[in-house]
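Asker: Next up is a structure, given as structure tokens.
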Amino acid sequence: MQLLLEHRWSTFLTMAIYELKEDGIEELRATSFRIEGVNERQDLQRLLRNEIHVVDPNVMVLAEEFGRWDDSRRRIDLLALDRDARLVVIELKRTEDGGHMELQALRYAAMVSRMTFEQAVDAHDRWLAANGKEPRAERAILDFLGWSEPDEERFGQDVRIVLVSADFSKELTTSVLWLNERDLDVRCVRLKPYSDAGRVLVDVQQVIPLPEADEYVVQVREKERRERRSRESGRDSTRYDVTIERTLFERQFKRRAIHLVVKALCSKGATPEEISEVVSWRGGKLWRETEGAVSAEEFALRMETDARNGGPSWEPGRWHSGEDGLVRSNGRTWALTMQWGPRTGEAIDLLLTHWPDSGVEVRESDG
């Protein structure tokens, strides 16, 4: 079976495709993926993962059938990244109405919204290895984004959704238009199959937003985002130089800087409980902890088990829970939060004032 793709980024209405012949114009017969024996995963997904520009020319695929969360039954068809470092959830359907794919995609977007650069690299490495390719994910992502080094503050600040289907129901398109009016970025790309003498031709059209309005929509959305960012004083790009016992860690992002400070203080005898008392405005949201001095793998397993049993939800991207990130103190293992907001500098000052002889110095980086 051969699939031929024709791009027609035009109107929402379904238009016929014609073949020009010497003696006339012949309309190609519309068909369906089901009739042609085209499956979602084995055919559409397999072909599009390697030719993703067919549905979006500005993304790279990070992973396929991505589902690294507690409920492993839920998997994103294709998880991608665009050139603005936004994650892109791509959902595929071969049906004529799209089903309830917009609701499914929203759930997935929420699940990956906290993904870090490091987690994206891990997901892409796994996908490359599974497809027999050299696992050089970090370099591939940096090259795609045009970055010289990882930038957690800029990475994954938003999630886009691309819905790909043979067609879309009125209920689905109404939902998507409503979501887009509320500053989400959801796109619908229609793949309309036609049959021609044993070949399957696919007419590819972006139907929401209309291509003619696409640039305007993007400009309006970017304006709204800039205005929102200007109101959010917590969104800053300040970096810190951290010196611990004469070892300098230059230009650290705020979450990394305060983590270095806290780990250094704990190595000098400060306890997580004392850290919490000094940074009292964080309340009980500073640490996650478990009994015993356990490995990072065991720690994550316990947090996931606790979440399944009705405890607090566990999102690894919100905690310093890697082997180098954990703190072990007083017979327990602790993971420090990554969510500090606009008071990071204040927290660092409070900690260093409380432990003035810690051998730790912190200052804002130049430039």
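Asker: What full-extension length gain, to one decimal in nm, is calculated for Arg251 and Glu346 as 0.36 nm per residue of separation minus the Cα-Cα distance?
Answerer: 32.4 nm
Asker: Based on the Kirkwood radius over alpha-carbon pairs, what value in µm²/s does the Stokes-Einstein equation return for the translational diffusion coefficient of segment 18-217 at 25 °C and 0.890 mPa s? Can you show the working numbers first?
Answerer: Working: Rh = 18.0 Å.
So the translational diffusion coefficient is about 136 µm²/s.
Asker: Now, a different point. If the chain between Glu304 and His53 were fully stretched, how many nm would it gain, using 0.36 nm times the residue separation less the Cα-Cα distance? Please report the intermediate quantities before stating the final value.
Answerer: Numbers: separation 251, 0.36 × 251 = 90.36 nm, distance 3.66 nm.
Full-extension gain reported as 86.7 nm.
Asker: Based on C-alpha coordinates, I'd like the Rg and Dmax of segment 239-285, in Å.
Answerer: 11.6, 33
Asker: Under a crude label model (7 Å from the Cα following the beta-carbon direction), how far is Arg46 from Arg114 in nanometres?
Answerer: 3.6 nm
Asker: Let me ask something else. Mind checking the log10 I(q)/I(0) for segment 239-364 at q = 0.09, 0.14, 0.16 Å⁻¹? Debye, one equal scatterer per Cα, no solvent, two decimals.
Answerer: Listed by q, the Debye log ratios stand at -0.24, -0.59, -0.77.
Asker: Ok, one more. Check cross-link reach from Lys268 to the lysines: straight Cα distance under 18 Å, and skip same-chain residues fewer than eight apart.
Answerer: Partners within reach: none.
Asker: Compute the signed sum of charges (Lys and Arg +1, Asp and Glu -1) over the other residues within less than 11 Å, Cβ to Cβ, of Ser329. Mind showing how you got there, number by number?
Answerer: On the way: positive: Lys263, Arg328, Arg332; negative: Glu273, Glu274, Glu289.
So the surrounding residues net to 0.
Asker: How far apart, in nanometres, would the label points at Ala293 and Ser195 be if each is projected 7 angstrom from Cα along the Cα-to-Cβ direction?
Answerer: A separation of 7.0 nm, rounded to one decimal place.
Asker: About the Cα centre, and with charges only on the beta carbon of Lys, Arg (+1) and Asp, Glu (-1), how big is the dipole of segment 271-362? Nearest 20 debye, please. Present the calculation step by step, with values, prior to reporting the outcome.
Answerer: Working: 9 positive and 16 negative charges, 71 e Å.
Computed about the Cα centre, the dipole is about 340 debye.
Asker: HN-Hα J couplings of segment 319-333 from phi, Karplus 6.51/-1.76/1.60, θ = phi - 60°, integer Hz, Gly and Pro as x?
Answerer: Running phi through 6.51 cos²θ - 1.76 cosθ + 1.60 with θ = phi - 60° gives 9, 7, 10, x, 4, 7, x, 6, 10, 10, 8, 6, x, 9, 10 Hz.
Asker: Let me ask you something else. Select from Gln252, Pro272, Val362 the residue farthest towards the positive end of the dipole of segment 243-367; place +1 on Cβ of Lys and Arg, -1 on Cβ of Asp and Glu, and compute about the Cα centre.
Answerer: Highest projection toward the positive end goes to Gln252.
Asker: Taking H placed 1.01 Å from N in the peptide plane, check which residues at least 5 places from Arg251 or on another chain put their amide H under 5 Å from its amide H.
Answerer: Here Tyr240, Asp241, Val242 satisfy the definition.
Asker: Ranked highest first by average number of other Cβ atoms within 10 Å, how do 193-203, 130-140 line up?
Answerer: Numbers: 193-203: 16.1, 130-140: 13.1.
Averaged packing, sorted descending, gives the order 193-203, 130-140.
Asker: Further question on the same structure: Using 0.36 nm times the number of residues separating Thr238 and Arg83, minus their current alpha carbon distance, what extension gain do you get?
Answerer: Details: separation 155, 0.36 × 155 = 55.80 nm, distance 2.28 nm.
The span from Thr238 to Arg83 would gain 53.5 nm if fully extended.
Asker: Starting at the first residue of segment 111-125, write each ³J(HN,Hα) from the Karplus equation 6.51 cos²θ - 1.76 cosθ + 1.60 with θ = phi - 60°, in whole Hz, x for Gly and Pro.
Answerer: 5, 9, 5, 9, 5, 8, 4, 4, 5, 5, 4, 4, 5, 6, 4
Asker: With θ set to phi - 60°, apply the Karplus curve 6.51 cos²θ - 1.76 cosθ + 1.60 along segment 151-161 and write out the HN-Hα couplings as whole Hz, x wherever there is a Gly or Pro.
Answerer: 9, 4, 5, 9, 7, x, 6, 8, 10, 9, 10
Asker: Rank-order 246-256, 150-160 by packing density, defined as the average count of other C-beta atoms within 10 Å over each peptide's residues, highest first. Let's see the in-between values first.
Answerer: Numbers: 246-256: 14.6, 150-160: 17.1.
Descending packing order for the listed peptides: 150-160, 246-256.
Asker: Amide H of Thr31 versus every other amide H placed in the peptide plane: which residues, excluding those fewer than 5 positions away on the same chain, fall under 5 Å?
Answerer: Tyr194, Ser195
Asker: What is the magnitude of the charge dipole of segment 18-217 about its Cα centre, with +1 placed on the Cβ of each Lys and Arg, -1 on the Cβ of each Asp and Glu, and no other charges, expressed in debye to the nearest 20? Intermediate results must be reported in sequence, preceding the final value.
Answerer: Details: 28 positive and 42 negative charges, 144 e Å.
Roughly 700 debye for segment 18-217.
Asker: Let me ask you something else. Given H placed 1.01 Å from N in the peptide plane, which residues other than close sequence neighbours of Val162 have an amide H under 5 Å from its amide H?
Answerer: Val89, Ile90, Glu91, Arg187
None of the figures in this text is laboratory data; all of them are computed from the coordinates on show. Being a predicted model, the structure only gives us computed values, none of them experimental. Please note: Cβ atoms are built from the backbone with ideal geometry, for glycine as well, and neighbour counts cover all protein chains shown.
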